[in-house]
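FYI, it's all coordinate maths here, none of it is from the lab. Everything numeric here is computed off the predicted structure, so don't read it as measured data. Note: ideal-geometry Cβ built from the backbone for every residue, glycine included; neighbour counts use all protein chains shown.
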Amino acid sequence: MLMTESAARFVQPITFQSLVRNPVLTDTFQEPDPSKISHIHLADEADLFLIAPATANMIGKLANGIADNLIATVSLATKAPIWIAPAMNVNMYNHPAVQKNMKQLAGYGYRFIEPEEGYLACGWTGKGRLAEPPHILHEIESYFALAEKQDFAGKKVLVTAGATREAIDPVRFFTNHSSGKMGYAIAEALRRAGRTLPS
């Protein structure tokens with residue numbers, strides 16, 4: 001998990017670290033593992049990169065390739081899909097510069113989870129509230145479920161499970177102690193990906 005220095009003023013990194021049970025990095029020059037360059041390693045490891053909440057400032061940095069914090073640096077280095085969940089004052093959200101930056105990022109292939117309308121922390125009412133976490137999670141789960149379906153489109157898959165026997169002669173054979181759990185797990189993953197399994 002990554003946080004900007006500004007985010008760390010609202011919530012201490014140790015709070016998130018205790019919740020997610022993983023390190024929380026806030027600085028481009030934090031190198032917990034000296035064998036790896038953190039921002040490149042993080043960029044390479046990501047399956048999806050979500051920036052939430054994304055401020056007008058962060059969106060502006062990303063749109064213009066400014067990498068002056070860890071999140072912006074990893075964003076420029078990753079080849080994973082980048083999703084942005086904006087959160088800001090309604091007037092900031094509607095400002096032509098912010099809209100232009102978001103349009104530019106969409107052109108780069110970034111995806112947006114639209115903010116919600118309602119009462120904002122600043123006292124205004126309008127579009128700018130961070131989408132609810134369950135909605136963000138649902139969007140991401142749907143994305144990966146669809147990606148799994150596309151991976152297997154037009155393909156037939158045969159899954160075997162359990163111990164196998166290979167005869168040496170009419171009396172002896174080789175076997176193993178497999179429980180079949182891995183095969184069942186693979187079959188379940190295929191079912192979630194939309195494959196029809198025989199009963």
query = What does a probe at Gln104 reach in region 48-62, counting residues whose amide N is under 18 Å from the point 7 Å along Cα→Cβ?
reply = 54-62
remark   = Taking R0 as 22 Å and r as the Cβ-Cβ distance between Ile140 and Glu45, the FRET efficiency 1/(1 + (r/R0)^6), rounded to the nearest 0.05, comes to 0.85
task = Have a look at Tyr93, Tyr108, Tyr184 and tell me which one the Gaussian network model of the chain (Cα, springs below 10 Å) gives the largest fluctuation.
result = Tyr184
message = Out of the chymotrypsin sites (Phe, Trp or Tyr not before Pro) in region 1-88, which ones are loop residues according to DSSP with at most 12 other C-beta atoms within 10 Å?
response = Phe29
query = For the chain, modelled as a GNM with alpha-carbon contacts under 10 angstrom, which of Met102, Met182, Met58 fluctuates the most?
reply = Met182
task = Count the net charge of all other residues whose Cβ sits under 13 Å from the Cβ of Leu105, scoring Lys and Arg as +1 and Asp and Glu as -1.
result = +4
inquiry  = Only counting other Cβ atoms within 10 Å, I'd like Thr125, Thr28 sorted with the fewest neighbours first.
reply    = Thr125, Thr28
request  = Can you tell me the dipole magnitude for the chain around its Cα centre, using point charges on the Cβ only (Lys, Arg +1; Asp, Glu -1), in Debye to the nearest 20?
outcome  = 540
query = How far apart, in nm, are the 7 Å Cα→Cβ label points at Glu114 and Arg21?
reply = 3.7
task = Grab the DSSP H runs of the chain that are 4 residues or longer, score each as -39,500 (n - 2.57), total them, divide by all residues and round the 222 nm result to the nearest 500 deg cm²/dmol.
result = -12500 deg cm²/dmol
query = Under the definition of Cα pairs under 8 Å and six or more residues apart, what whole-number percent is the relative contact order of the chain?
reply = 13
message = If you average the C-alpha positions of region 1-29 and of region 123-142 separately, how far apart do those two centres end up, in angstrom?
response = 21
